[in-house]
Amino acid sequence: NVHNLVNVAAMAVLALVVLAAFEQVQWQRASIFAMLAFMLWFLVVLESEGTFLALLITACAWGAVRFTGGLRMLSGLGMVAGVLTYASLMVWLQTGVASGDSLRSFEIRAMINARLLELVADQPWFGYGINSFKHVTEAAVGGVMYIHPHQIYLEALFSFGVVGCLMLAAVLWGFFRLSSRHMILSEPLPMLGFLAAVYMAGKGLSDMKLM
């Protein structure tokens, strides 16, 4: 599955970044940077825009943890800008689809998002149930049924409704709120865990399955 391959490659990039940050031997660090350059090239070849957006959000999240003052605020604004960029892209692509353009990957996702929000409006509070999206015929795009919405936050809203989505948001907030800044900055495994969690949260905007 190419999506799994992309995520594995992105995780390899994050792991190499952490190794480079903590490696003290210069020639070994140079080797890590060479492998990092190759993995970034590999991601470019795979052509996953959602992955680069998630990596950008991850870099901004690390900046928000690493720095203070103005740089922290700038990093936080970068995360918000990444999310708003995706939302704006979905709205713009819906307009493009309406004008008769051919359907590409992100355009299909924009149509799925629009259909999903229409369905949520009919049953907003507790949703349609876990793993039910693929059985809802109204969510089909061009007569094609999709297994999941390719967006974990809208999938949570569709499956669990507003109540369940707020509970998921509370869990995510608790995870990041209780994370130790000192451990993230001083130990490789906590840093990698933090970066991986933020990446998965960011990738959930464009191509992940919640359940």
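Taken as a whole, the condition of being on the phi > 0 side of the Ramachandran plot and at pLDDT 80 or above does not apply to G143.
Results for (1) closer than 18 Å to I152 by Cβ; (2) open to solvent by 80 Å² or more (accessible area, probe 1.4 Å); (3) not in a helix (DSSP H, G or I), shown as yes or no for each residue.
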| position | (1), (2), (3) |
| --- | --- |
| M39 | no, no, no |
| L53 | yes, no, no |
| V65 | no, no, no |
| L74 | no, yes, no |
| L77 | no, yes, no |
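Filtering E155, E118, E107 for residues that are of a type in the set (D, E), part of a helix (DSSP H, G or I), at pLDDT 75 or above and surrounded by 15 or more Cβ atoms within 10 Å (Cβ to Cβ) leaves a single hit, E155. Checked against (1) modelled with pLDDT under 75; (2) surrounded by 13 or more Cβ atoms within 10 Å (Cβ to Cβ); (3) not in a helix (DSSP H, G or I), G100 passes all but condition (2). Within region 14-37, the set of residues being outside any helix (DSSP H, G or I) and open to solvent by less than 80 Å² (accessible area, probe 1.4 Å) comprises E23, V25. Checking region 200-211 against the condition returns a match, with at least one residue being in contact with a Ser or Thr (Cβ under 7 Å, 6 or more places away or on another chain), assigned to a helix (DSSP H, G or I) and within 22 Å of C60 (Cβ to Cβ). Annotation: of all residues in region 169-211 being over 21 Å from A110 (Cα atoms) and of a type in the set (D, E, K, R), the one that is modelled with the lowest pLDDT is R177.
The values are calculated or read from the model by the stated rules, or taken from the named source; none is laboratory data. Treat the numbers as computed from the prediction; the structure is a model and nothing was measured. All Cβ positions, glycine included, derive from the backbone under ideal geometry; neighbour counts span all protein chains shown. Ligands, DNA and RNA are excluded from the accessible area calculation, which covers all protein heavy atoms including side chains. Shrake-Rupley method; radii C 1.70, N 1.55, O 1.52, S 1.80 Å.
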